[in-house]
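*Asks:* First the structure, which I've put down as C-alpha cells, then a few questions once you've had a look.
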Amino acid sequence: MAEPNFKLNHPIVMFGNGEIPHHSIPLEKLKNASTLISLDGGCDKLLNLGFNPDFIIGDLDSLKMDRAKYKGKIILMKDQSKTDLEKGIEWLINEKIQKLELIGCSSNRDDHHLANLLLIEKYSKIIEIKMTTNWSVIRCLNRSKTFKSIPGQVVSIIPKNNNVKITTEGLKYSLKNEMLSHRSEGISNVALGKYFSLAVSQPVWIIINHI
C-alpha cells in the first residue's frame, strides 16, 4: 500500500463509520480511489479492509488507537453542531472540489443514514455527490442528467417535494413533465437499455440498484 500523498486527486472517496462494504462495486471504488478520506471512526473499519486513508476528518472521538499511530493527515474539526460527514463535505467544498464518492455512509444507524441522504440533497447544487452502498448507487438530481444502466436494472425516483415535475427517457414507466401523485410512486421503475435520462424541476433522489 502506497504512502498517503496528502493531495486531493480525483476520484475522491470519503469513507464513513457506517455499513462495511462487501459488494464488489463499492470495494472496487475504494481500490481505484486516488484520494481516500475517512470520517472519524470509519478509519478503523477502512484499515481492517486493508486501506490507509490519506486524510482523517472529524472530532476523532471514535478512533480506537492513539492518533499518532494513524498514517493519514488529520483534519481536526470539533464542531458538535455538525456531523462528521457534513464537516467533511464542507471541507472539500472549501478546497474547491466538485465531485465526491461516499462509501460506508449508509445503514448501521437509520438516523445517520437518513441525515446523510438529506446532506446529499443540501449540497447537491455545490458539489456532485454519489453514495455507493452494498445495494445501490444514490444521487440527488436538481436538473437533467443521463445515467448509465443495465437493461432490467431497478431505478427509483424519490422527490423531495410533492410538486416536482419529472420527465424520463429510457425507463419502463415514463413521465413527461409530470408530477408524482405521492412520493413513493416513483419506486421500482426499470431501465430499458444502457442509458436512461431524467429532467426534474426540483431535487429528487435517484437510487440505482446493483445487479
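*Asks:* Hey, any hits in the stretch 155-169 for a residue that's at pLDDT 95 or above, over 24 Å from Lys125 (Cβ atoms) and not polar (S, T, N, Q)?
*Replies:* If we filter the stretch 155-169 for residues that are at pLDDT 95 or above, which is where we start, we get 155-159, 164-169.
Next, only the ones that are over 24 Å from Lys125 (Cβ atoms) stay: none.
No; the residues of the stretch 155-169 include none that is at pLDDT 95 or above, over 24 Å from Lys125 (Cβ atoms) and not polar (S, T, N, Q).
*Asks:* Then there's this: Please find, among Gly42, Gly18, the residue that is within 21 Å of Trp135 (Cα to Cα), out of contact with any strand residue (DSSP E or B) (no Cβ under 8 Å at 6 or more places or on another chain), open to solvent by less than 20 Å² (accessible area, probe 1.4 Å) and modelled with pLDDT of 80 or more. Spell out the reasoning first.
*Replies:* On the way: Gly42 fails: out of contact with any strand residue (DSSP E or B) (no Cβ under 8 Å at 6 or more places or on another chain).
Criteria check complete, one pass: Gly18.
*Asks:* I would also like to ask the following. Would you pick out the residues in the stretch 98-117 that are over 11 Å from the mean Cα position of the chain (by Cα) and either crowded, with 17+ Cβ neighbours inside 10 Å or part of a helix (DSSP H, G or I) (or both)?
*Replies:* Of the residues in the stretch 98-117, the ones over 11 Å from the mean Cα position of the chain (by Cα) are 98, 107-112, 114-115.
Hits for the stretch 98-117 are Asp110, Asp111, His112, Leu114, Ala115.
*Asks:* Shifting gears a bit: Mind listing just one residue for me: the one in the stretch 142-200 that is under 17 Å from His210 (Cα atoms) and among the aromatic types (Phe, Trp, Tyr) and, of those, surrounded by the most Cβ atoms within 10 Å (Cβ to Cβ)?
*Replies:* Phe196
*Asks:* Inside the stretch 136-211, counting only strands (runs of 3 or more DSSP E) that do not spill past its ends, which hold 2 or more residues that are in contact (Cβ under 8 Å) with a residue 12 or more places away in the chain and more than 18 Å from the chain's Cα centre (by Cα)?
*Replies:* Numbers: elements: 136-141, 144-148, 154-159, 165-169, 195-200, 204-209.
It comes to 165-169, 195-200.
*Asks:* Let me ask something else about it. Just to be sure, is Ile120 within 27 Å of Ser184 (Cβ to Cβ), buried (at least 17 other Cβ atoms within 10 Å of the Cβ), of a type outside the set (Lys, Arg) and touching a Phe, Trp or Tyr at 6+ places or on another chain (Cβ under 7 Å)? Give the steps one after another, and end with the answer.
*Replies:* Working: within 27 Å of Ser184 (Cβ to Cβ): yes; buried (at least 17 other Cβ atoms within 10 Å of the Cβ): yes; of a type outside the set (Lys, Arg): yes; touching a Phe, Trp or Tyr at 6+ places or on another chain (Cβ under 7 Å): no.
The answer is no for Ile120.
The values are calculated or read from the model by the stated rules, or taken from the named source; none is laboratory data. A quick note: this is a predicted structure, and the numbers were derived from the prediction, not measured. Backbone-built Cβ (ideal geometry, glycine too); neighbour counts: all protein chains shown. We work out accessible area using only protein heavy atoms, side chains counted, and drop any ligands, DNA or RNA first. Shrake-Rupley method; radii C 1.70, N 1.55, O 1.52, S 1.80 Å.
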